[in-house]
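All remarks here apply to the structure that follows.
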Amino acid sequence: MQTLILKGSDIKPLASIKDIIQAVEEAFKQKGLGKVQMPPKTYLYFEKHGGDLRSMPSALESPEIAGVKVVNYHPNNRNLKLPSVMATIILIDPKTGTPLAIMDGTWITAMRTGAASAVAAKHLARKNCKTLGLVGTGTQAVTQLMGIHAVRPIQQVKAYDIYPEGRKAFVEKMSREYPDVTFQAVSSAEEAVKDSDILVTVTPAREPVVFNQWIQEGIHISAIGADAPGKEELDPAILKRAKIVVDDKEQTFHAGEINVPLKKGLIKPSDIYAELGDIVAGKAEARESDREITLFDSTGVAILDVVSAKLVYDRAVQKGVGLNLDLVSS
Ligand SMILES: NC(=O)c1ccc[n+]([C@@H]2O[C@H](COP(=O)([O-])OP(=O)(O)OC[C@H]3O[C@@H](n4cnc5c(N)ncnc54)[C@H](O)[C@@H]3O)[C@@H](O)[C@H]2O)c1
């Protein structure tokens, strides 16, 4: 019985965003069909350090796999030159409980979050979306762009970050990586939002940074940043106008973009249209008109980590990548 140890640098060459999008879409479908186990994530708070730690277990029947991710969010880590989000995934064989692999989950977290937005955009955004607005240009913004670019013909990106150096560096780097796309670092969230076909909000904000009067009909919004209680990026008036699709009802009720407006009684649980898995599984309609405002509320669901980790594990085994250890003593 051996356990495979995989470092971040082992993992990155093993899967593309298209591979992860495919795995993530299938995981959402399995959730829509009711074939996954996934209790809501649990949190520890490190208030004096302004950070948190979450544990995220899940199991699927197809592919038959289980695992748990441990992941933090420490927004002040930039000052220490550390990533704000760092993750470790333990992949488990459900037949015996054997720990198949222990791997860095930092890159997988970013890729599966970008892939979740891609799957949502594939089902909810208008087909001819060309302009992407980004509010927040940190780590996750890179894979948000990767995911959306993989499913829609994006030609222009307007990027805003509260930190001017950050948005400038993002635009410079991404212009080199996507020569077919025009990038603009804009100096307000309003400029990033106005006239964009798709908007991704990906900040740690705890009060709205995007306002209702900037939002035009037909836009698709991916609200990524709010993934813990008290976090909020959108003016609740936007939620009243939008078809709200969540990644997981229970989890978004306490931690998603909807958590604060629900607690304040500004929206009701019945305002939530569906889970993304219901749409992928064909149990709920996707976008119904070009004028509809669609909103994907993502908290990040554990099944996405486990299916992405399994994809990476299978390829690592095939290619002989990683370090095998006799981790468990018999
Ligand atoms: N939904 C999910 O599955 C999921 C997954 C991973 C991370 N997240 C969340 O996404 C958010 C961003 O994560 P990250 O890893 O990119 O963090 P990061 O620290 O790398 O980047 C966040 C960026 O937001 C900017 N920012 C902060 N406040 C802002 C504001 N008011 N307006 C504009 N920009 C602002 C910061 O300057 C920074 O560049 C966090 O809240 C994190 O918890 C969600």
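The values are calculated or read from the model by the stated rules, or taken from the named source; none is laboratory data. Source: prediction; values computed, not measured. Counting neighbours? That spans all protein chains shown, and the Cβs are built from the backbone with ideal geometry, glycine included.
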Item to check | Of all residues in region 62-90 being of a type in the set (S, T, N, Q) and touching a Phe, Trp or Tyr at 6+ places or on another chain (Cβ under 9 Å), the one that is surrounded by the fewest Cβ atoms within 10 Å (Cβ to Cβ) | outcome: S84
Checklist entry - Take the residues of region 302-330 that are surrounded by fewer than 24 Cβ atoms within 10 Å (Cβ to Cβ) and among the acidic types (D, E): which is farthest from G67 (Cα to Cα)? => result D326
Next on the checklist: Scan region 244-251 and tell me whether some residue there is closer than 21 Å to A118 by Cβ, part of a loop (DSSP other than H, G, I, E, B) and more than 15 Å from the ligand (Cβ to nearest atom).
Outcome noted: no
Item to check | Residue check, K263 surrounded by fewer than 24 Cβ atoms within 10 Å (Cβ to Cβ), at pLDDT 95 or above and within 16 Å of the ligand (Cβ to nearest atom) | outcome: no
Checklist outcome for this item: Pairing a residue in region 139-153 that is in the same structural domain as Q22 (by TED's automatic domain parsing) with any residue that is surrounded by 23 or more Cβ atoms within 10 Å (Cβ to Cβ) and of a type outside the set (A, V, I, L, M), where Cβ atoms lie under 6 Å and the two sit 6 or more apart in sequence or on different chains, gives none
Checklist entry - Applying the selection to region 224-234, what residues are touching a helix residue (DSSP H, G or I) at 6+ places or on another chain (Cβ under 9 Å) and within 30 Å of A281 (Cα to Cα)? => result I224, G225, A226, D227, A228, P229, K231, E232, L234
Checklist outcome for this item: Counting only helices (runs of 4 or more DSSP H) wholly inside region 258-321, the ones holding at least 2 residues that are under 21 Å from D19 (Cβ atoms) are 276-280, 302-319
Next on the checklist: Tell me the residue from V200, V181 that is within 22 Å of W107 (Cα to Cα) and of a type outside the set (D, E), please.
Outcome noted: V200
Next on the checklist: Cβ-Cβ distance below 9 Å, separation of 6 or more or different chains: which pairs start in region 74-95 with a residue that is over 19 Å from K48 (Cβ atoms) and end on one that is of a type in the set (D, E, K, R) and within 10 Å of the ligand (Cβ to nearest atom)?
Outcome noted: A87/D305; I89/D305
Next on the checklist: Only one of E257, E217 is within 26 Å of D197 (Cα to Cα), away from the ligand (no atom under 16 Å from the Cβ) and either surrounded by fewer than 15 Cβ atoms within 10 Å (Cβ to Cβ) or touching a residue at least 40 places away in the same chain (Cβ under 8 Å) (or both). Can you tell me which?
Outcome noted: E217
Checklist entry - Out of curiosity, is R54 modelled with pLDDT of 95 or more and under 26 Å from G147 (Cβ atoms)? => result yes
Item to check | Residue list for region 67-91, restricted to those being more than 21 Å from W107 (Cβ to Cβ) and either among the acidic types (D, E) or in contact with a strand residue (DSSP E or B) (Cβ under 8 Å, 6 or more places away or on another chain) (or both) | outcome: N76
